[in-house]
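Working notes, structure below.
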Amino acid sequence: MNEIFLESKDFNFPQKFTGYESKVYLYDYNSLIKIFKTDDINVLNNKLQKLKLLRSLSTNDVLPTDLVYIDGIFKGYKSVYRQDFNPIDCLKQNKKTKYYVLKRVLEKMKYYHSLGIILGDLHEENILFNKNDNEVILCDLDNFWINNLDFDTKNNYQIRYLQNHNSMQYMDEYIFNLLTISYIQKIAYPYVLSYLRRNGLKGILNSKENQQILEQMYKSTDNYNGDLFLNHLKKRILK
């Protein structure tokens, strides 16, 4: 990867997005730069190792193209600005399209798992969709788990899962189930489980099999086996 060296006194790029871990700026018409908020050297070193791994992957997802240094210190990365894509929570889609998007996300999740990567951050803002060619891509991939590299910051979904699981094995499947419910049922993410506890399982997801999966997710114990709502949706969504 190439390296971009910037000075803080000259840093005047327009901000596009902000998140818990970082801020994203428009570097030029075709590029974004993501700057991590932390100054923790250990966290930044973990990020650096992960970015180098991501850069080597063969995928169409939003990957780093250059490392960014500010005042000589590694602080983030540059990526291509995919202007023809939008987060799936910003678009109107019918159920058939939603099912297609989820299926593509599941395929990508399995690809990363084959590399030993646990994504841990599958939510509607990190899934981008181009409705003109039906292409689905993932972004904000830098906070993942692999081997000796832990998540840099744990989100609420990861914490809930890890409270009662000794294994990382089904973390992404657990989070993918939350995504499925939120996306199909139009329930604000991440309040899916608390909402369903109050209101019951409704609509397209209301089946005996899905009730069993939901019960496992409520309990969030090691008997959760990664069952996916998607496995039980096909006939009802595509009919």
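The values are calculated or read from the model by the stated rules, or taken from the named source; none is laboratory data. Please read all numbers here as calculations on a predicted model, not as lab measurements. For neighbour counting, all protein chains shown are included, and Cβ atoms are generated from backbone atoms with ideal geometry for every residue, glycine included.
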Handout entry: Sole residue being among the aliphatic types (A, V, I, L, M) and in a helix (DSSP H, G or I), chosen from Val136, Val101
Key = Val101
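Please work out if Leu119 is modelled with pLDDT of 95 or more, in the same structural domain as Val192 (by TED's automatic domain parsing) and in contact with a His (Cβ under 9 Å, 6 or more places away or on another chain).
yes
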Handout entry: Looking only at the stretch 137-156, and only at residues there that are within 14 Å of the chain's Cα centre (by Cα) and among the β-branched types (Val, Ile, Thr), the one that is modelled with the lowest pLDDT
Key = Thr153
Practice task
Scan the stretch 25-77 for residues that are farther than 17 Å from Asp10 by Cα and among the charged types (D, E, K, R) and report the count.
Solution key: 9
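Is one or more of the residues making up the stretch 103-115 acidic (Asp, Glu), more than 13 Å from the chain's Cα centre (by Cα) and buried (at least 17 other Cβ atoms within 10 Å of the Cβ)?
In the first step, residues of the stretch 103-115 are kept if they are acidic (Asp, Glu); the result is 107.
Cutting the leftovers down to more than 13 Å from the chain's Cα centre (by Cα) gives us 107.
After this cut, where a residue has to be buried (at least 17 other Cβ atoms within 10 Å of the Cβ) as well, the list is none.
Checking the stretch 103-115: not a single residue is acidic (Asp, Glu), more than 13 Å from the chain's Cα centre (by Cα) and buried (at least 17 other Cβ atoms within 10 Å of the Cβ).
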Exercise for the section: Considering each of Tyr161, Tyr191 in turn, give the residue that is surrounded by fewer than 21 Cβ atoms within 10 Å (Cβ to Cβ), closer than 19 Å to Phe229 by Cα and either among the small types (Gly, Ala, Ser) or not assigned by TED's automatic domain parsing to the domain that holds Gly76 (or both). Expected result: Tyr191
Practice task
Give just the number: which of (1) surrounded by 14 or more Cβ atoms within 10 Å (Cβ to Cβ); (2) more than 22 Å from the chain's Cα centre (by Cα) does Glu215 not satisfy?
Solution key: (1)
Exercise for the section: Kindly indicate whether any position in the stretch 126-147 is closer than 23 Å to Gln212 by Cβ, in contact with a Ser or Thr (Cβ under 9 Å, 6 or more places away or on another chain) and in contact (Cβ under 8 Å) with a residue 12 or more places away in the chain. Expected result: no
